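These notes are about the structure you will find just below.
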Amino acid sequence: DSGDGMQLTGDRFTSEAAAFGNDLATLPNFPAEIRAPAGTLPGVSSFQLHFADYDILTPGDRPDVLVAMNPAALKANLADLPVGGTVIVNTDEFSKRNLTKVGYDGSPLDDDSLASFQVFPVAMATLTQGALADTGLSKKDAERCKNMFALGLLSWMYHRPTEGTERFLREKFARKPDIAEANVLAFRAGWNYGETTESFA
């Protein structure tokens, strides 16, 4: 959803891809509607990054990986993904209420509608809250860091360095060191999840 921090996440991954020496092009996509209700198709915000070790000639392309933070994001972007593409889904948002908002009769994670893709269900909000349990942040504030968990996971998947993002987060939230540290911890938790789970083998 707009406000979930996907533009920041995309911007950081873009910066790391550039520092890594990749050629790249970006396609940020903001909702046209002002304050569209959370969890609805008009409120989906996305950030597409096309990067490679060869010349990139267009920002828009069929993505290899889709990170869907909720059912609306999945429904709005799934048609762009080629058969065999990877879908990483934040399962914490796949509640009956959120599914109904976008017209799903049941969860696409439980039927065969995603059978042609590689699907990785990840409870990002739960894992982020667990990683930040000792910080003293409220559950709501901790959950807001789930975009950094997703960034950490993608950074692990694509072998991106982590130092630049951690430095950026500490500088961005310098006036709120507790928020800075929470985002760094969430970022590390996502990276560690990719490193330690066997799901992505």
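By the scheme Lys and Arg +1, Asp and Glu -1, what is the net charge of all other residues having a beta-carbon under 13 Å from that of V119? Intermediate results must be reported in sequence, preceding the final value.
Details: positive: none; negative: D110, D111, D112.
It works out to a net charge of -3.
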With charges set only on the Cβ (+1 for Lys and Arg, -1 for Asp and Glu), what does the dipole of region 42-147 come to about its Cα centre, in debye to the nearest 20?
500
Largest-first ordering by accessible area, 1.4 Å probe, given options W191, W156:
W191, W156
Grab every C-alpha pair in the chain, bin the distances at 5 angstrom width from 0 up to the longest one, and report whole percents.
1, 7, 15, 20, 21, 19, 11, 5, 1, 0
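Name the GluC sites (Glu not before Pro) in region 10-118 that are in a loop by DSSP and that have at most 14 other C-beta atoms within 10 Å, would you?
When the GluC sites (Glu not before Pro) of region 10-118 are filtered for loop state and at most 14 Cβ neighbours within 10 Å, E33 remain.
With all protein chains present and a 1.4 Å probe, how do S155, S113 order by accessible area, largest first? Could you put the intermediate results ahead of the total?
Details: S155 0, S113 65 Å².
Largest to smallest exposure gives the sequence S113, S155.
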Charge dipole of region 140-201 built from unit charges on the beta carbon (Lys, Arg +1; Asp, Glu -1), centred at mean Cα; most positive-end Cα among W156, A174, L185 is A174
Label point 7 Å out from D141 along Cα-to-Cβ: which residues of region 173-196 have amide N under 15 Å?
173-186
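State to the nearest 20 debye the size of the charge dipole of the chain about its Cα centre, where the only charges are +1 on K and R beta carbons and -1 on D and E beta carbons. Kindly include the intermediate steps, with their values, before the conclusion.
Values: 18 positive and 27 negative charges, 148 e Å.
It comes to approximately 720 debye.
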For T162, T58, write out the residues from largest to smallest accessible area, computed with a 1.4 angstrom probe and no ligands counted.
T58, T162
In square nanometres, what is the average projected area of the Cα convex hull of region 86-176?
7.6
The distance between the Cα centres of region 136-201 and region 62-107, in whole Å, is 22
Added length on full extension, which subtracts the Cα-Cα distance from 0.36 nm per residue, A115 to F20
30.8 nm
Considering just Cα atoms, how many Å³ per residue does the convex hull of region 8-97 enclose?
111
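I'd like the antiparallel share, as a percent to the nearest 5, of DSSP beta bridges with both residues in region 1-132. Don't jump to the answer; show the numbers that get you there.
Values: 7 of 16 bridges.
The answer is about 45 percent antiparallel.
Checking the a/c ratio against 1.5 first, then a/b against b/c, what shape does the Cα gyration tensor give for region 125-170? Before the final figure, lay out each step's value.
On the way: a/c = 2.72, a/b = 1.73, b/c = 1.57.
Here region 125-170 falls in the prolate category.
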With -39,500 (n - 2.57) per DSSP H segment of 4 or more residues and division by the full residue count of the chain, the 222 nm estimate, nearest 500 deg cm²/dmol, is -12500 deg cm²/dmol
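The values are calculated or read from the model by the stated rules, or taken from the named source; none is laboratory data. Small disclaimer: the values here were computed from a predicted structure and weren't measured. FYI the Cβ positions are ideal-geometry reconstructions off the backbone, even for glycines, and counts take in every protein chain you see. Quick note on the areas: whole protein, heavy atoms, side chains included, nothing else; ligands and nucleic acids left out. Shrake-Rupley method; radii C 1.70, N 1.55, O 1.52, S 1.80 Å.
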